[in-house]
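Q: The structure that follows is given in the form of structure tokens.
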Amino acid sequence: MGAEDWATLLRELDQKVTPARCAVLEVVASTDAHLSADEIVSRVADLVPDVHRATVFRTLERLVELGLVAHVHLPHGATTYHLRQPGERMHLHVLCRACGDVFDVDPALLDDVADALASSLGFRLAADHAALSGVCAVCASGSAGDVDVEREL
Ligand SMILES: [Zn+2]
Ligand SMILES: [Zn+2]
Ligand SMILES: [Zn+2]
């Protein structure tokens, strides 16, 4: 999608079309990487040179409220932002605490846990809101991993 398409999408939602909003949507849509707000700020600056950092932060929050962008908290790290696909369940995240890699995993993976929490506590789990922490296969197998695994980032 290009800038015009983002403008159309915002208009359909009765939202103001601003260069910052279009640029933020373009940036989060253009990558599968898990970008922090700071990384989004610098990529937006490439598209809209005069946009202020605080504007990008505010824009991100607004797009999350509108349901166009999802945010995910990473343990010991920054919050990351994703384009939200309409009608599609947000995938879950696991983060390697040795190398910092983030993996996308099946959104249904914790459904049994969510069901158990709902029936035992009436608790409604938002499993997609934060990444789970652990150690990836590469770090778990390598000798370097043995050292790093014990290190809290
Ligand atoms: Zn790792
Ligand atoms: Zn992801
Ligand atoms: Zn949050």
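Q: Sort CYS136, CYS99, CYS22 by Cβ crowding within 10 Å, fewest neighbours at the top.
A: Going from sparsest to densest Cβ surroundings: CYS99, CYS136, CYS22.
Q: Does anyone have the angle between helix 3-12 and the longest principal axis of the chain? Alpha-carbon axes, 0 to 90°, nearest 10?
A: Taking the Cα atoms of the chain, the angle to 3-12 is about 90 degrees.
Q: Can you give the angle from 0 to 90° between the axis of helix 37-47 and the longest principal axis of the chain, with both taken from C-alpha atoms, to the nearest 10?
A: With both axes taken from Cα atoms, the answer is about 40 degrees.
Q: Nothing charged except the Cβ atoms of Lys and Arg (+1) and of Asp and Glu (-1): what's the magnitude of the dipole of the chain about its Cα centre? Round to the nearest 20 debye.
A: 500
Q: List the relative contact order of the chain as a percent without decimals, with contacts defined as Cα pairs under 8 Å and 6+ residues apart.
A: RCO, the chain: 18 percent.
Q: So how do THR79, THR8, THR59 line up by other beta-carbon neighbours within 10 Å, fewest first?
A: THR8, THR79, THR59
Q: With a point put 7 Å past each Cα toward its Cβ, work out how far GLU65 is from VAL105 in nm, to one decimal.
A: So the two model labels end up 3.3 nm from each other.
Q: Would you kindly calculate the translational diffusion coefficient of the chain, applying Stokes-Einstein with the Kirkwood radius from alpha carbon pairs, for 4 °C and a viscosity of 1.567 mPa s, and quote it in µm² s⁻¹ without decimals?
A: The diffusion coefficient I find is 75 µm²/s.
Q: Another question about this same structure. If you take the charge dipole of the chain about its Cα centre, with +1 on Lys and Arg Cβ and -1 on Asp and Glu Cβ, which of SER120, GLY142, ALA108 is farthest toward its positive end?
A: Value computed over the given set: SER120.
Q: State whether the stretch 1-82 is rounded, prolate or oblate according to the following rule on the C-alpha gyration tensor (a ≥ b ≥ c being the square roots of its eigenvalues): a/c under 1.5 gives rounded; otherwise a/b larger than b/c gives prolate, and the remaining case gives oblate.
A: Prolate shape, in that a/c is at least 1.5 and a/b is the bigger ratio.
Q: To test your reading of the geometry: what angle, between 0 and 90 degrees and rounded to tens, separates the Cα axis of helix 111-121 from the longest principal axis of the chain?
A: Compared with the principal axis, the helix lies near 80 degrees.
Only the coordinates and a few stated rules stand behind these numbers; no lab work does. Please read these numbers as outputs of a predicted model, since none were measured by experiment. All Cβ positions, glycine included, derive from the backbone under ideal geometry; neighbour counts span all protein chains shown.
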